[in-house]
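Peer 1: Have a look at the structure that comes next, please.
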Amino acid sequence: MTRDTAQNPLNERYASKEMSYLFSADYKFRTWRKLWIALAEAEKELGLSITDAQIAELQASANDINYADAERREREIRHDVMSHIYAFGLHAPSAKGIIHLGATSAFVTDNTDILQMREALGIIRRRIVNLMAKLRDFAWKWRATPALAFTHFQPAQLTTVGKRATLWLHDLLLDFREVEFRLSQLALLGVKGATGTQASFLSLFDNDESKVNRLEQLVAEKVGMQRSYPVSGQTYSRKVDSQAVNVLSGFAQSASKFAYDMRLLQHLREVEEPFEAEQVGSSAMAYKRNPMRAERIDALARHLIVNALNPAFTAATQWFERTLDDSANRRIAIPEAFLAADAIALIYDNIAAGLVVHEEVIAANVRRELPFMMTENLMMEGTRRGGDRQVLHERVRIHSQAAADVLKSGAAENDLFDRIAADELFGIDRASISEMARPENYTGLSKQQTERFLIEDVDPILNAERSHIRTEAGEVRV
């Protein structure tokens, strides 16, 4: 690491080496050469005067990139594509005249961008599958454990620990389907020429339209793609970038919601993220167990969600067949979006693999709030035993406010049940109230919903993706 220049924390601290490499200069320039070779091979197959020896010479130096030659040339001519054509030609002198034949710069730059995004979306897809697998196991294990459900962060009713986890999991399921769709729609720019008309290639093939069409299909197949976009300017539509980054933003939204929930749960001491044996929570308060992983997810998610505006504005401001105001922005915005999504996924995975559930705390919180949530049931039982429903409603209001005041004064236990048992108007003894006060009777269909969702919606995906699922936790580098 150099320490005297600015560095990008996404590379230094957060994202994986796998994702980082996809947006490296080495990956880019190797892909440029792969594309040039694919173009030359396809042109030869369709009858242009290109020899096997020229193709072989190109293939021999495909991965042996002479960076010094390219960088020196770029300082002279200020054009990165032409500089690498020159450098490739030094390694393949017999083929230098047919490298990039008929193409414009976007042939290598834009097609490489698509290939990068395809691979990067594949990584994110795999990360989401692993997250789903971990949350699936967690939700199943805790599917029947009663817990407080909140609206406005105020105790509302009961849910289960597992049912809440299905909310996180369902968001990921939606993200998985979005990634799948975007991957299915992704296509190459293809071989479109300077303004998208393919005029240069039509000229190369003596106005044989069928050969130009076949050339585009051959190039796509040679680099592992099924098709190219049917129309374009010099570049593919920048909406493609916006759509891809929006998928990443959607994932960031899901992860951020999970992380905020985790921070609140950790405050309640109900569920905690992993905490290492020697981890330091605070430089001043040694006792603290800060939810630093969840906080980091929220921080990175905020960056990614805001960053989704960059490709949106770029797509909105392109002129006719192309302008160059997209280039500098895309060099920053697109790699950072994928690096941030990768980092978020790794941290999320680390948390999901090591969630700590404090059942006693959850049960104590349920016991404290359940009396308030049972008041309707107690009124109905009192009415069944001969009481007046309107009178009992007023008595419940009085007793509930008194019990709440006692709790707010520092009491550890909710005495609402004792107050109602002592009120002759209800006619309900304490033992009967205790029999009614079983938390599992107030979780509705939480357990059943969880089971059905996991079996019907999640398991088919996980079964199909079993080879991509690993049990170890995602890496948190710092």
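Just so you know, all these numbers are worked out from the coordinates, no wet-lab data involved. Predicted model only: the values in this text are computed from it and were never measured. Neighbour counts run over all protein chains shown; Cβ positions are idealised from the backbone, glycine included.
Peer 1: Is there a quick way to get the dipole size of the stretch 331-478? I mean about its Cα centre, with the Cβ of Lys and Arg at +1 and of Asp and Glu at -1; what is the value in debye to the nearest 20?
Peer 2: Values: 17 positive and 26 negative charges, 46 e Å.
It works out to roughly 220 debye.
Peer 1: Using 10 Å bins from zero, what percent of all Cα-Cα pairs in the chain falls into each bin?
Peer 2: Final binned percentages: 4, 16, 21, 18, 14, 11, 7, 5, 3, 1, 0.
Peer 1: Which longest uninterrupted range of the chain lacks any chymotrypsin sites (Phe, Trp or Tyr not before Pro) assigned by DSSP to a loop state (not H, G, I, E or B) and surrounded by at most 12 other Cβ atoms within 10 Å?
Peer 2: Between the exposed loop sites, the longest stretch runs 321-478.
Peer 1: Among L445, I98, G233, pick out the residue whose Cα is farthest towards the positive end of the charge dipole of the chain, where Lys and Arg carry +1 and Asp and Glu carry -1 on C-beta, about the Cα centre.
Peer 2: Result: G233, furthest along the dipole toward the positive end.
Peer 1: Next question, about the same structure. Quick check: residue separation of A411 and R30 times 0.36 nm, minus the Cα distance between them. What number comes out in nm?
Peer 2: Working: separation 381, 0.36 × 381 = 137.16 nm, distance 6.85 nm.
Computed gain between A411 and R30 is 130.3 nm.
Peer 1: Roughly how many nanometres apart are two label points built 7 Å out from the Cα toward the Cβ at A422 and L167?
Peer 2: 3.6 nm
Peer 1: How much FRET efficiency would the formula 1/(1 + (r/R0)^6) give for E12 and Q226, where r is the Cβ-Cβ distance and R0 is 41 Å, rounded to 0.05? Working shown, then result.
Peer 2: Values: r = 37 Å, r/R0 = 0.89.
About 0.65, to the nearest 0.05.
Peer 1: E376 to R289: FRET efficiency via 1/(1 + (r/R0)^6), r the Cβ-Cβ distance, R0 45 Å, to the nearest 0.05?
Peer 2: Working: r = 38 Å, r/R0 = 0.84.
Working from the Cβ atoms, E equals 0.75.
Peer 1: Treat every Asp and Glu Cβ in the stretch 375-436 as -1 and every Lys and Arg Cβ as +1, leave all other atoms uncharged, and give the resulting dipole magnitude about the Cα centre to the nearest 20 debye. Each step should come with its number before you reach the end.
Peer 2: Values: 8 positive and 12 negative charges, 31 e Å.
Using only the charged Cβ atoms, the result is roughly 160 debye.
Peer 1: Let me ask you something else. Hey, got the dipole for the chain? About the Cα centre, +1 on K and R Cβ, -1 on D and E Cβ, debye to the nearest 20?
Peer 2: On the way: 59 positive and 66 negative charges, 44 e Å.
It comes to approximately 200 debye.
Peer 1: Counting Lys +1, Arg +1, Asp -1, Glu -1, what net charge surrounds A301 among other residues with beta carbon under 15 Å of its beta carbon? Intermediate results must be reported in sequence, preceding the final value.
Peer 2: Numbers: positive: R127, K257, R263, R293, R296, R302; negative: D171, D175, D261, E295, D298, E336, D342, D349.
That sum, taken over residues with Cβ under 15 Å, equals -2.
Peer 1: So what's the convex hull volume per residue for the Cα atoms of the stretch 167-239, in Å³? Mind showing how you got there, number by number?
Peer 2: Numbers: hull volume 6.3 nm³, N = 73.
Once divided by residue count, the hull of the stretch 167-239 is 87 Å³.
Peer 1: How high is the FRET efficiency from M436 to A404, r the C-beta distance, R0 25 Å, rounded to 0.05?
Peer 2: Numbers: r = 20 Å, r/R0 = 0.80.
Computed FRET efficiency for M436 and A404: 0.80.
Peer 1: Right, something else. Longest span of the chain, sites excluded, free of GluC sites (Glu not before Pro) in DSSP loop with at most 10 other C-beta atoms within 10 Å? Let's see the in-between values first.
Peer 2: Numbers: sites that count: E276, E278, E424, E472.
In the chain, the maximal stretch lacking such sites is 1-275.
Peer 1: Any idea which of G382, N414, H393 is furthest toward the positive side of the dipole for the stretch 375-436, if Lys and Arg beta-carbons carry +1 and Asp and Glu beta-carbons -1?
Peer 2: Value computed over the given set: H393.
Peer 1: Around A411, under 15 Å between beta carbons, what's the net of Lys plus Arg minus Asp minus Glu among the other residues?
Peer 2: Numbers: positive: R367, R368, K408, R419; negative: E369, D405, E413, D415, D418.
Here the charged neighbours net out to -1.
Peer 1: Something else: Once you've got the Cα coordinates, tell me which of K17/K141; K257/K408; K44/K192 are over 25 Å apart.
Peer 2: In this structure, K17/K141; K257/K408 exceed 25 Å between Cα atoms.
Peer 1: Can you find, among N11, T471, L173, the residue farthest towards the positive end of the dipole of the chain? Put +1 on the C-beta of Lys and Arg, -1 on that of Asp and Glu.
Peer 2: N11
Peer 1: Quick check: pseudo-label points 7 Å beyond the Cα along Cα→Cβ at V306 and S184, how many nm apart are they?
Peer 2: With each label placed 7 Å out from Cα toward Cβ, I get 3.5 nm.
Peer 1: Net charge around T195, counting only other residues with Cβ within less than 11 Å of its Cβ (Lys, Arg = +1; Asp, Glu = -1)? Please list the in-between numbers first.
Peer 2: Values: positive: K192, R322; negative: E321.
Residues close to T195 contribute a combined charge of +1.
Peer 1: How high is the relative contact order of the stretch 375-436? Use alpha-carbon pairs under 8 Å, at least six apart in sequence, and give a whole percent. Mind dumping the intermediate values first?
Peer 2: Details: 51 pairs, mean separation 21.9, N = 62.
About 35 percent, as a whole number.
Peer 1: Right, another one. What translational diffusion coefficient, in µm²/s and rounded to a whole number, does the Stokes-Einstein relation yield for the stretch 375-436 at 10 °C and a viscosity of 1.306 mPa s, taking the hydrodynamic radius as the Kirkwood radius over Cα pairs?
Peer 2: Numbers: Rh = 11.7 Å.
The diffusion coefficient I find is 135 µm²/s.
Peer 1: In Å³ and rounded to a whole number, note down the convex hull volume per residue for the Cα atoms of the stretch 1-119. Present the calculation step by step, with values, prior to reporting the outcome.
Peer 2: Numbers: hull volume 15.0 nm³, N = 119.
Per residue, the Cα convex hull of the stretch 1-119 comes to 126 Å³.
Peer 1: In the stretch 356-425, which trypsin sites (Lys or Arg not before Pro) are in a loop and have at most 16 other Cβ atoms within 10 Å, using DSSP for the loop call? Walk me through the intermediate numbers first.
Peer 2: On the way: sites: R367, R368, R384, R385, R389, R395, R397, K408, R419; in loops: R385.
Those satisfying the criteria are R385.
Peer 1: Among the helices of the chain (complete DSSP H runs), which have Cα atoms covering no less than 24 Å along the helix axis and a Kyte-Doolittle mean of at least 0.5? Intermediate results must be reported in sequence, preceding the final value.
Peer 2: Values: long enough: 25-45 (30 Å, -0.78); 106-141 (52 Å, 0.02); 161-185 (37 Å, -0.09); 239-268 (43 Å, 0.04); 327-353 (39 Å, 0.70); 389-408 (28 Å, -0.43).
Those that clear 24 Å and a mean of 0.5 are 327-353.
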